1. Bins of 10 Å, beginning at zero and ending with the bin holding the largest distance: percent of Cα pairs per bin for the range 3-188, please.
2. Residue-wise, which Karplus ³J(HN,Hα) couplings in Hz belong to the range 213-226, taking 6.51 cos²θ - 1.76 cosθ + 1.60, θ = phi - 60°, and x for glycine or proline?
3. In whole angstrom, how far apart do the alpha carbon centroids of the range 239-290 and the range 1-51 sit?
4. Out of the total accessible area of the chain (probe 1.4 Å, heavy atoms of protein only), what percent is carbon and sulfur?
5. Could you state the per residue volume, in Å³, of the convex hull enclosing the Cα atoms of the range 202-309?
6. Solvent-accessible area per residue for the chain at a 1.4 Å probe radius, Å²?
7. Add -39500 (n - 2.57) for each DSSP H run of 4 or more in the chain, then divide by its residues: what number comes out at 222 nm, to the nearest 500 deg cm²/dmol?
8. Answer with one residue from W255, P35, L132: the one whose Cα lies farthest towards the positive end of the charge dipole of the chain, charges on Cβ with Lys, Arg +1 and Asp, Glu -1.
Amino acid sequence: MDPFSDVLDVSGVKGALSTRIEAGGRWAVVLDDYPGAALHAVTAGRAWLTVPGSEPVELASDDVVLLPAGTPHGLGDEPGDPEGTGRCEHATARGRGDGDLIRLGSSPATTRIVTIHYDCDPAALTQVLAILPGIVHVRAETGTTGLDDTVRMLARELAHPQIATRTVLKSLVDVVLVQMLRAWLAEDPPACLGTWLGALHDPVVGKALECLHEDPATPWTTATLAAAISVSRATLARRFPAATGATPAAYLANWRMDLAAVRLRDTHDSLEAIASAVGYGSVPAFSRAFTRAHGRTPGRYRSEARTRRVPAFRLHQPLPSSLRVDAGRAGA
């Protein structure tokens with residue numbers, strides 16, 4: 001099982017190239033507010049990142065920084081408020097998948113930055129990007145080979161487009177996010193605690209998550225889950241909330257509702273089949289739980305999703321393997 005991939009699929013994380021910056025000399029830019037998370041990869045030169053209420057952050061070549069969704073910020077050749085420099089430009093940073101180029105400053109470009117924006121399904125209860133603990137900065141010297149290689153591939157593809165470049169870029173923007181989160185987890189594990197990624201830092205909690213994802217229909221309790229991974233109930237009851245910010249029962253309840261939401265949105269499966277696949281013995285019990293979690297009945301959720309033509313948010317596979325297996329057992 002790969003719970004991380006499952007959560008990326010179900011929470012609908014998807015990336016798009018946004019702005020490319022080439023700057024030299026004196027320059028500054030403010031990127032417009034964007035509801036998604038923003039990732040900046042410095043492929044050459046240096047820059048200063050300014051976020052209101054925080055100390056400026058110096059970014060060096062090969063640094064990568066990820067900002068929580070909707071964070072207003074600016075970039076420039078020196079620290080401080082870009083608006084006060086007298087040379088600030090405003091840029092539309094909404095990703096269209098083609099990396100619009102912005103040239104800044106009067107001197108030849110010495111700094112190059114690639115910006116990627118990431119969105120997710122706001123209805124998903126299990127999130128990765130929505131719970132980031134502030135700015136995530138992976139410095140070049142503490143990064144990983146995988147992250148460095150992916151950013152370089154991205155820069156080369158943008159600098160020298162070839163056949164199917166758009167297809168290659170679509171794949172690379174997803175890989176950049178995974179590689180960055182891997183590097184951050186390896187560099188600063190304590191910072192991940194209390195977020196979903198904290199589970200990946202704790203091997204006991206990681207094993208528990210694998211069980212929950214592999215068979216979400218099982219009526220797990222803290223005791224049975226602890227027995228399945230050969231630890232004491234007290235150990236799991238202490239370490240699971242410390243790592244993830246939720247009890248095993250709360251996590252499982254949210255995960256079941258997320259899996260159900262995907263099935264309601266993307267399939268024609270009956271409510272009986274969906275309820276059984278996520279561990280409910282009756283449709284009424286499932287409907288009550290789903291309504292509490294999502295604020296509408298399963299039928300209304302499905303109808304509204306199709307009326308809005310909600311896309312199937314996913315990176316890897318149509319449905320997590322756990323749900324597809326359970327659906328098979330349920331006769332879906």
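The values are calculated or read from the model by the stated rules, or taken from the named source; none is laboratory data. All values derive from a computational prediction rather than experimental measurement. Note that each Cβ is placed from the backbone with ideal geometry, even for glycine, and that neighbours are counted across all protein chains shown. Accessible surface areas use protein heavy atoms only, side chains included; no ligands, DNA or RNA. Shrake-Rupley method; radii C 1.70, N 1.55, O 1.52, S 1.80 Å.
1. Spelled out bin by bin, the range 3-188 gives 10, 39, 38, 12, 1 percent.
2. Those phi angles translate into 6, 5, 9, x, 7, 5, x, 5, 10, 4, 5, 5, 5, 4 Hz.
3. Cα centroid of the range 239-290 versus Cα centroid of the range 1-51: 32 Å apart.
4. With neighbouring chains kept in place, the figure for the chain is 52 percent.
5. Values: hull volume 11.1 nm³, N = 108.
Dividing the Cα hull volume of the range 202-309 by its residue count gives 103 Å³.
6. On the way: 14650 Å² over 332 residues.
I get 44 Å² per residue for this part.
7. On the way: 13 runs with 143 residues, N = 332.
Theoretical 222 nm ellipticity from helices: -13000 deg cm²/dmol.
8. Towards the positive end, the residue furthest out is W255.
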